[in-house]
Amino acid sequence: MIRQAFPLMCALTIGVLTVALAGTTPSLGAPALSETQQKWLLEAQLGPHSPATHDWAAIEAAARKEGKVVVYSSSSRTPAAAKSFEAAYPGIKVEAFDMGTVEVISKVKEEVRARVRTGDVFFAGDPPTVIYEMVPRRMLWNFVPSELVGLIPKELREPLLVQRLGTRVIIYNSEVYKTPPITSWWDLTKPQWKGKVQIKDIFESGENLSLMATFVKHADHFASSYKEAFGKEIVLDKDCPNAAFQWIKNFLKNDPVFAGSDGDATSAVGRRGQKDPPLATVDYAKYRDVMTGRFVFEVALDVKPVGAVFYQTYLGVIDQAPHPNAAKLMIRWLMGDSRGGKGYEPWFVPGDYPVRTGMLEFPRGAVPMAVLKTKAWTIDPMYAYEHGARILDFWVANQRRR
Amino acid sequence: MSALHPHLRRLWRAITTPRILLSLVLCALLIYLVGVPLLRIAWATITWHPEDARVARGFEEGALTMFHWKRTFLGTVSNELVYRPFLNTVVTSAGATLLALLIGCPLAWLLTRTDLPGRRLLGGLITIPFILPSWTIALAWLVFFRNSRLGGAGGLFEYLTGVATPNWLAYGPVPIVIAMGLHYYAFTFILVSGALASVDSHLEESGEILGANRWKILKKITLPLVLPAILSAFILTFSRSLGTFGTPIFLGRPVGYYTLATTLYNNLRMGFKASAYILAVVLVVLSALTIYGNQRLIGTRKSFVTISGRGLRVRLTPLRGWRYPLLILVLAFVLVCVVVPLLLLVWQSLMLEETNYSLGNLSLHYWISEGGNRRYAEGEAGLLRSWLVLGAAKNSIALSVITAGLVGLLGLLLGYAIVKGRGTRLSRALEQISFLPYLVPSIAFGAVYIAMFASPLGPIPALYGTFALLVLVCVAKNLPFSSRTGVSSMLQVGQELEEAAVVAGASWTARFRRIIVPLTLSGFVAGFLLTFISTIRDLSLIILLVTPSTRVLPSLIFRYNEQGFTQFANGIVIILVALSLAGQWLIRKIGKKEATQ
Amino acid sequence: MRRIELRNVSKRFGKVVAVNDLSLVIEPGSFLTVLGPSGCGKTTVLRMVAGLEDPDCGEILIDGRPIFSHQQGIHVPPSRRGLGLVFQSYALWPHMTVFENVAFGLELAHLPAQEISRRVAQALSDLQLAGMEGRYPQEMSGGQQQRVALARMLAPRPGIFLLDEPLSNLDARLRMDMRSELKRLHRDTGATVVYVTHDQIEALTLSTHVAVMKEGVLEQLAPPDVVYRRPATVFVADFIGTPKMNLLPAAVRGQGEAAVLDFGAFTLCYPGPPALERVIVGIRPESIMLYLEPQQGAVEFETYSVLPAGAELIVNVRRGDLMLTIRETRPMTIEMDRKIWLSFVPATFNLYDPVTSRLLTDGSGGPVP
């Protein structure tokens, strides 16, 4: 009897396998709008159906009916904004998940691919992936509150709305060092700082990967600043196509510490009572810990060839989000107002720069944008997207792993 | 009546025999849960993915390619991507396994073959690490040994001694081996003491009569008898530690020490799926080879240890003057690897300012505050008020209870189908497939399930991000154990007990409900308990599959740790341990009540 | 009173042939014992009749109606065959009380509750188990468990009893008691009984017919006394009887009245042997006469071992290479290593063909009917 059943089983198996293998990898490359997608866009008034002006009363009413909004965010400050949102719109529950950029992006990608609809608001950085992978593949939809259109420069609201510009900088412990202990990124490759620079592994941090890509884009400046730092022309190793690659290589040779998070790195630098504190490459916005008195550090803005690198943090509605109206309300809330506003409050700190023009107030202790602009570069998403993998491979290959 | 009829009737009867029908259904289920995912992940390593746009140009999605294998094994990054992690994995796993054996075997001997006082109680205490999350010790290690490399000041060790913890002691292979060894020794202990307990003292006494001294008896008789069990314990522990994720990521990352499991995780997170899947395949192959080797090497010798259950006499070796010194040593060991780590975690969760060890710094802030003070953890509310923690706790409990229930039931069904079909090919096939998940290291299993359920497959919707997927992966991973317990409890139910019911006219469902289930209840409870324990604390298996809404306590611990909110992370470990213990107590109580009825 | 018939039934497990082309008729009301060493297929026969095992080919009929037929694809489930089964292990459900055990089958037949309690009470009192309804099997002695198993079989009032070595787990004394109870039960119920055992005493004492099986093949089917006196094959001769029948190879010399069986160590006159050069001679130990002094026509042997067993004496003797076993029921004392004299009764000999192993003649010289 078993013998008779066996061929049947084999046939079954083969059948299952055929389905399994044939059904793999649905195409993600700039797909045509599906029917459900079109329906959703129409209902949510997004994409091609965006109205010229938003009727906020109607949106709010619809949002209340939805009753909930789920935010996937890379910022540990989001829960605070969620709290103020809940206070402002009682009845709309916020589930704000603070996950780190890489996590947010991979979750949204997987969910869209799996057609699981849970998240509403996308709130994270990593410009190359967002602009060149997610937006073209219609995983995210742009939503710019109509009253803000005139207030935000086009490149900061297209193809996806930027909530703020963050800043990657080098920080140092100001209790030990009264003045910046370094003047150049090249100083980080010197023996003096061996094992004493904290950075989140670019393998785990899109921000830092983009930072390196920006360095590579401006490799010439690295060549000239080398001369300033060492007093001689740079000689490139065979495997280094330009000075920025050489910097990455030398930097990795100097045993940087791969912090679990920017928070860890900041705490390593800024804790009081240290004798030999390290440096760290983190978000300028961590400076808020200095304002609360938790840590003591300063930002080294006058290092060569660049003092800071701006990067974009985006807000978008996730494709076929279950609560699109609440998502819109949340996006408007997070954009704040010209005095900061309750929704933007957690980011109304030194180091974070709102994108709207004509701000009436500035955070206490902040370096004005106009000043910082002269010392900073901005991440070029296109360049980072094209060169990211090469830089990552170079990084991994030169990382002194054990 | 045509000539075809009897044939069809016979075939129909063969297929609709409950055992055969059940076996076929279970086979299909297992193939779907284990076989298809494995094939799909292998397939995914030889096709193009949309994410590959970052590393290559001009390809067609879904088309076949060897690009990923070449990049992984022959490319510029292959050293860091696969070879070094491979080496690190083997080194840490082997080290941890050796340590586990060095601790587990003597303990097993002391507790089963000597007159050490309080053996029963000690046996309970010694196996506690087995029910704790495997990375508890890793986190406690960080509290104690961390140095300024990670976030400012050092740990308790530095505070107490004033000596900076060297890197090799704080992070990397040494602490990983120690932390994993101190967890897995409990596993070794259980396996080896089982074998030792079944060695008949008559065998040893025969040696004694022939004039061998105690040491010689241990060396020439006892040890060879349990050697297969020890070798087996080595292999099983080794293959288990291969896929461990928590400990290596907590202790390895600060110094860039990556294993296959952590490299896999990083690759998947950065969207390098194909590389991640290849690493998963490497892990599966490594683990499968190890276990295959085990079976080849000692499969035949296993028969040495005869568990007859009858006429077994165990004579305890007198320790004489060593009784109390050894007792103190064992107690001290339990203290160091169970009590101290938990106390360290409790203490740390009460420290308002991280790394300030003065008593004045102790506070319940991270447990009960309403939040709002940006200075501490970005103003997040305390653990007991946090909706995140509450949701995760609910998910954890739901996941482990549902999984344990399903696994227990499946185990019974599998046990039934395997035992009743003993000797048939179907039964063998079933037994072998249900063992397959054992070959797949936990983290690789997670990766396999992403590949499998990321997109819809035929009529089955994509399960990514759903709670069902977590249940599914936990059920599948626990199947080998549950089918084992199912088989052994089914073997205890004589075939004739069921046949008597057949003759009495009971249908299959009536038999299962009224005869089989009541008689195997204790086995079911034991299996339930085991699955509950291993599921509620699991990180390696689910880390790749959790999403914010399906978060569980271990994934939250990982997240908080990554974020640097260590007080939260360590506090949740305590909550998790408390929940696990409470759950076990409750299950045992209910199980006992049911069994006596 | 039910008639059971097996037609050309075969069953194999993997490569092992458990039952080979077995045809058998069990007359209504008879008590058939299937006897044989372990692994001979006897339990398989029982399980096939019960419906727990399907034959690979052949048919099984009850009262002329097929309950199993490979050719026609018929399989009547066990519970609709109208039979009861007692397992070797009794298979009492340990989580049910005595009452629940006995009532289980009745419940499944959807009998009214009153009828169930009446029948259970009847079955239990028939087997002297009244008052034990609330006990669990583990709380009872082996003999009591055995009675519960019988009660469970009896309660639905089947016409066929199938008993699979039911007494093998009892001690010798209990076994004796149960034998007579079983015989009583058979008489009182008039059921057709199929009884599987490897214990020849049970077979000889209980049954109306004995079927001896070897390696899946039926060796002999006959009433017990025929099986004992005239075993149809060397195997049956060897298997039945304690101590075993003496089986001696012998050469046949001469013809007719003057023929002689030459055992090597000695010869005997044997009138009218078959026309074969060699035979195997079967001699029951109790049919050899033993003398302590030389006798006319007796052959001299030497005692090898003497095993007194109360009512009887088993004596092993030898002459040259030849060993013989004798059962002596007269009380006497015999030393080891002494000379004794044996006389034989050729009329009780069974002669077997050494090639086919089958019985050739009976003692009167005529062929076996």
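Of the trypsin sites (Lys or Arg not before Pro) found in segment B:24-98, those that fall in a DSSP loop while having at most 10 other beta-carbon atoms within 10 Å are B:57.
Model label points for residue C:334 and residue C:71, set 7 angstrom from Cα along the Cα-to-Cβ axis, are 5.7 nm apart. To the nearest ten degrees, helix A:243-253 and the longest principal axis of the Cα atoms of chain A are 90 degrees apart.
Spatial offset of segment B:159-183 relative to segment A:130-178 amounts to 41 Å, using the alpha carbon center of each. Taking a ≥ b ≥ c as the square roots of the eigenvalues of the Cα gyration tensor, an a/c ratio of 1.5 or more together with a/b no larger than b/c marks chain B as oblate.
A Cβ-based charge dipole, computed about the Cα centre of the protein assembly as shown with Lys and Arg at +1 and Asp and Glu at -1, lands at about 1260 debye. Inter-chain neighbour count for C:48-59: the average number of beta-carbon atoms from partner chains within 10 Å of each residue's beta-carbon is 2. Between the residues B:195, B:133, B:249, the greatest Cα displacement towards the positive end of the dipole of segment B:78-306, with unit charges on the Cβ of Lys, Arg, Asp and Glu, is found for B:249.
Taking amide H as placed 1.01 Å from N in the peptide plane, the amide H of residue B:114 sits under 5 Å from that of B:317, each at least 5 places away or on another chain. For trypsin sites (Lys or Arg not before Pro), the sites in segment C:210-284 that DSSP calls loop and that have at most 16 other Cβ atoms within 10 Å are C:244. For residue B:351, the residues whose amide H sits under 5 Å from its own are B:363, ignoring neighbours fewer than 5 places away on the same chain, with H placed 1.01 Å from N. When the GluC sites (Glu not before Pro) in segment C:265-369 are filtered for DSSP coil states and for at most 15 other beta-carbon atoms within 10 Å of their beta-carbon, the remaining sites are C:277, C:335. Bridge orientation summary for chain A: considering DSSP beta bridges with both residues in this region, about 55 percent are antiparallel.
Taking 20 Å as the limit for the C-alpha separation, the pairs C:214/C:244; A:109/A:249; A:342/A:373 exceed it in the case of A:109/A:249; A:342/A:373.
For the segment B:27-35, counting C-beta atoms of other chains within 10 Å of every residue's C-beta and taking the mean gives 2. Let me check against my output: what whole-number percent is the relative contact order of segment B:78-306, with C-alpha pairs under 8 Å and at least 6 apart? About 28 percent, as a whole number.
Here's the picture: charge each Lys and Arg Cβ at +1 and each Asp and Glu Cβ at -1 in chain C, and of C:280, C:18, C:264 the one pushed furthest to the positive end of that dipole is C:18.
Got a sec? Which residues in segment A:347-378 would a label at residue A:338 touch, if it sits 7 Å along Cα→Cβ and we count backbone N under 17 Å? Correct set: A:354-363.
Computed from backbone phi with θ = phi - 60° and the Karplus coefficients 6.51, -1.76 and 1.60, the 3J(HN,Hα) list for segment A:126-137 is 6, x, x, 5, 5, 7, 9, 10, 7, 5, x, 8 Hz; x is used for glycine and proline.
Run lengths n ≥ 4 of DSSP H only: what is the helix-derived mean residue ellipticity at 222 nm for chain B, with -39500 (n - 2.57) per run over all residues, to the nearest 500? Value at 222 nm, helices only, nearest 500: -21000 deg cm²/dmol. Remark: C-alpha extents of chain C on the principal axes read 77, 50, 35 Å, sorted largest to smallest. Near residue C:168: Cβ cut-off under 10 Å, other residues only, Lys/Arg at +1 and Asp/Glu at -1. The net charge is -3. Where a ≥ b ≥ c are the square roots of the eigenvalues of the C-alpha gyration tensor, would you call segment B:78-306 rounded, which needs a/c under 1.5, or, failing that, prolate if a/b is larger than b/c, or oblate? Taking the square roots of the gyration eigenvalues as a ≥ b ≥ c, segment B:78-306 is oblate. 222 nm [θ] for chain A, helices only, -39500 (n - 2.57) per DSSP H run of 4+, per residue, to 500? Mean residue ellipticity, 222 nm, calculated: -11500 deg cm²/dmol.
The residue among B:183, B:224, B:281 whose Cα reaches farthest toward the positive pole of the charge dipole of segment B:78-306, with charges on the beta-carbon of Lys, Arg, Asp and Glu, is B:281.
Cα axis of helix C:113-126 to longest principal axis of chain C: angle in degrees, 0 to 90, nearest 10? Taking Cα atoms only, the helix is inclined about 20 degrees. Averaged over the residues of B:265-271, the number of partner chain Cβ atoms lying within 10 Å of the residue Cβ comes to 6. Using the Karplus relation 6.51 cos²θ - 1.76 cosθ + 1.60 with θ = phi - 60°, the per-residue 3J(HN,Hα) values for segment A:194-208 come to 4, x, 10, 10, 9, 8, 6, 3, 5, 5, 10, 9, x, 4, 6 Hz, with x marking Gly and Pro. Each residue of segment B:328-339 is assigned a 3J(HN,Hα), and the resulting list reads 5, 4, 5, 4, 4, 5, 4, 4, 5, 9, 10, 6 Hz, derived from the Karplus form 6.51 cos²θ - 1.76 cosθ + 1.60 (θ = phi - 60°), x at Gly and Pro. Proximity of backbone amide H atoms, modeled 1.01 Å from N, is registered between residue A:319 and A:140, A:141 at under 5 Å, excluding neighbours fewer than 5 places apart on the same chain. Shape of the protein assembly as shown from the C-alpha gyration tensor: prolate (a/c of 1.5 or more and a/b above b/c, with a ≥ b ≥ c the square roots of its eigenvalues). The ranking of A:349, B:473 from fewest to most other beta carbons within 10 Å of each one's beta carbon is A:349, B:473.
Basic side chains Lys and Arg get +1 at the Cβ, acidic Asp and Glu get -1 at the Cβ, and with that the dipole of segment A:287-402 about its Cα centre reaches some 240 debye. In a reduced charge model with +1 at each Lys and Arg Cβ and -1 at each Asp and Glu Cβ, chain C shows a dipole moment near 600 debye about its Cα centre.
Each value in this text was obtained by applying a stated rule to the coordinates, not by laboratory testing. Values in this document were obtained by computation on a predicted structure and should not be read as measured data. Virtual Cβ from ideal backbone geometry, glycine too; neighbours counted across all protein chains shown.
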